[in-house]
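The values are calculated or read from the model by the stated rules, or taken from the named source; none is laboratory data. This one's a predicted model, so the numbers in the text were calculated from it and none came from an experiment. Note that each Cβ is placed from the backbone with ideal geometry, even for glycine, and that neighbours are counted across all protein chains shown. Surface accessibility is based on the protein's heavy atoms, side chains included, excluding ligands, DNA and RNA. Shrake-Rupley method; radii C 1.70, N 1.55, O 1.52, S 1.80 Å.
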Amino acid sequence: MSNTMEYDAIVVGSGISGGWAAKELSEKGLKVLLLERGRNIEHIKDYVNANKDPWEFPHRGLMPTQEMLQKYPVLKRDYPLNETVLDFWVKDEECPYTETKPFSWFRGYHVGGRSLTWGRQSYRFNKWDFEANLADGHGVDWPIRYEDMASWYSYVEKFAGIQGSKEGLDVLPDGEFLPAMEMNCVEKHVSEKIKQHFGGSRHLFIGRSANITAPLEGRTNCQYRNKCWRGCPFGSYFSTQSSTLPAAMKTGNLTLRPFSIVTQINYDKDTQKATGVQILDAMDNQTYDYKAKIVFLCASAFNSTWILMNSATDIWPEGLGSSSGELGHNVMDHHFRLGAGGRAEGFSDRYTYGRRPTGIYVPRFRNVYNDQRDYVRGFGYQGGAGRGRGVEIAEFAIGAELKEALSVPGDNWGMNLMAFGEMLPYHENKISLNRNVTDKWGLPVLDMDVALKDNEQKMRQDMMNDAAEMLEAAGIKDVYTYDYGYEVGMGIHEMGTARMGRDPKTSVLNGNNQVWDCKNVFVTDGACMTSASCVNPSLTYMAMTARAANFAVEELKKGNL
């Protein structure tokens, strides 16, 4: 580890956004310090469970033990509590938080962050997503439009490697795709029947995912093992370890420092700029200061906001970036865990080949074109078909969902559609510092005060009923609807809390992801999001980060930072 205390740029967090920031800034010639609060995980070497078979785990990797349930009170709320990947999630007792209203916060504190465990679903926002707030009056207007992002989506897709099919839909723009994975026989049948029945207004096709189907530099195409979240020794899915970190290291400009908890941004009120960051070494509990010309906050939505809240409090009591009164507010997630399923007859002579690491996708069809509902925004579906168990996405892997799937007779196929809906940016949905409770290192924790509202509750009825309608139209038998209950956070798509906007009086960041109050600090993870769309957000974080990094370097060259 270098002893240098001064760099051109500091990147906080090494997940999807932080990895991209480190790559882009170092490739543009900047000396970059990448700070990660957790341990290092080296590509391949530290994927200790990647090649294990079920019988090699003490409890076969199925059900959590009583000890696990006791030690992980948050993780046990949903599927992440699993002995095959337990080391990739935060220890709840070391990093607590408080809940004014229930919130499930699933975190990964290590190099790579949740880029090692994400669902890899990769979709562009559409043109309406960036216009929605202005159109229906919720939140504030995005300071950017789809046209500002399109070339950056293409840029990151080519590097990350996204498999998918071109569908020519405005509601879900096509990207730069590797050859698409194939739907199985039942999915193809359902897709065709939906297209016929709904006259082309609804579509079902292969889910677009960051699993490569053709080799990229240093990476081998997908082996259809579907063990992605244990870490992939082939580098077949996009992660910091497989993709952005090697590219950044190759430049010779990157220094990686794990076990570095950033406690605040150091701010100079005379220049109105950040001078760097202060860290607490997670191993020796010593405090260190690092200097830089620019700082990229990519610590994950809530942790980036935590750092802002804990910074420059002598000038702004609520923290750096709080002058608008919006810091910590407008929390969003995707609400889900409901939909419909059933069984498909006539395919008992067919089976699947391999373990495909993606399911199908049905893009949004509500409140677009001439469709108008008694709520705003909309939802899409993920899911798939399987022989004997319609289980093609991680969210179906544990608990009631698994039992339901296993109840399908083995000589039949099951088909399942699970809906993911947009959550509006409400000011009253917020996080705040709770200085009465501290974590393992004596630092204040976050308090969660977030809930769904009437708009989402109305949407959830359609999310179930529309799924059943499509399955019935496709000839699926014994169709049932389900709602297994959703707690905010379970989508693991936490967004907002430091939103972008056009006015410093109503937003934390400008259209280039700069903190209005401190122009050499950039926030490009989920905190920056102004609205949520209903699609998985990680691809947008990648594009947003690459765009902001390019802008930051240009501004440095001009002497503006």
Length gained when the stretch His59-Arg350 is fully extended (0.36 nm per residue, less Cα-Cα span): 101.6 nm
Over the stretch 1-157, how many percent of alpha carbon pairs lie in each 5 Å bin up to the one with the longest distance? 1, 7, 11, 13, 15, 15, 14, 12, 8, 4, 1
In the stretch 237-274, which trypsin sites (Lys or Arg not before Pro) are in a loop and have at most 12 other Cβ atoms within 10 Å, using DSSP for the loop call? Lys269
Which whole-number percent gives the relative contact order of the stretch 448-561, counting Cα pairs below 8 Å spaced six or more residues apart? 17
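Run through the DSSP bridge list for the chain and note the antiparallel percent, rounded to the nearest 5.
So the antiparallel bridges in the chain amount to around 70 percent.
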Where does each of 150-157, 260-267, 370-377 land if you order them by average Cβ count within 10 Å, highest first? 260-267, 150-157, 370-377
Any chance you could check the Cα centroid distance between the stretch 43-63 and the stretch 489-561 for me, in angstrom? 37
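Would you work out what percent of the accessible area of the stretch 442-532, with all protein chains in place, is carbon or sulfur (probe 1.4 Å)?
That fraction is 43 percent.
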On average over all directions, what projected area in square nanometres does the stretch 33-121 have, based on the convex hull of its Cα atoms? 7.6
Around Ala274 (Cβ within 15 Å, Cβ-to-Cβ, excluding Ala274; K/R +1, D/E -1) the net charge comes to -3
Taking the dipole of the stretch 213-352 about the Cα centre (Lys, Arg +1; Asp, Glu -1; charges at Cβ), the one of Ser239, Met309, Phe336 that reaches farthest to the positive side is Ser239
Using a 1.4 Å probe over the heavy atoms of the protein chains, calculate the carbon and sulfur portion of the accessible area of the stretch 131-255 as a whole percent. 50
Per-selection Rg to Rh, the stretch 463-561 - Cα, Kirkwood hydrodynamic radius: 1.22
Using Cα pairs closer than 8 Å and at least 6 residues apart in sequence, work out the relative contact order for the chain, in percent. 22
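So, with +1 on the Cβ of K and R and -1 on the Cβ of D and E, and no other charges, what is the size of the charge dipole of the stretch 123-211 about its Cα centre, to the nearest 20 debye? All intermediate terms of the calculation are to be shown ahead of the outcome.
Details: 10 positive and 14 negative charges, 72 e Å.
For the stretch 123-211, the charge dipole is close to 340 debye.
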Pop out the carbon and sulfur fraction of the accessible area of the stretch 26-75 as a percent, whole number, probe 1.4 Å. 54
Work out the P(r) tail for the stretch 137-272: percent of alpha carbon pairs separated by more than 24 Å, whole number. 54
Positive-pole candidate from Cys185, Tyr123, Trp152, dipole of the stretch 106-205, charges at beta carbon: Cys185
Taking Asp268, Asp314 and ranking on accessible area (1.4 Å, protein atoms only), highest first, one gets Asp314, Asp268
Treating only the Cβ of Lys, Arg, Asp and Glu as charged (+1, +1, -1, -1), what charge dipole size does the stretch 233-312 show about its Cα centre? Round to the nearest 20 debye. 260
Quick one: order Glu318, Glu131, Glu326, Glu487 from most to least accessible surface, probe 1.4 Å. Glu318, Glu131, Glu487, Glu326
State in Å² the accessible area per residue of the chain; use a 1.4 Å probe, count heavy atoms of protein chains only, and round to the nearest integer. 37
In the chain, if the dipole is taken from +1 on Lys/Arg beta carbons and -1 on Asp/Glu beta carbons about the Cα centre, which of Asn133, Val523, Asn550 is farthest to the positive end? Asn550
Mean 1/r over all different Cα pairs, inverted: what Kirkwood radius does the chain give, in Å? 23.8
Over the stretch 434-521, what portion of Cα pair distances is larger than 19 Å, expressed as a whole percent? 68
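Rounded to the nearest 20 Debye, what is the dipole magnitude of the chain about its Cα centre when Lys and Arg each give +1 and Asp and Glu each give -1 at the C-beta?
Dipole size: approximately 1040 debye.
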Which order do the peptides 522-533, 346-357, 25-36, 472-483 take when ranked by the mean count of other beta-carbon atoms within 10 Å per residue, highest first? 522-533, 25-36, 472-483, 346-357
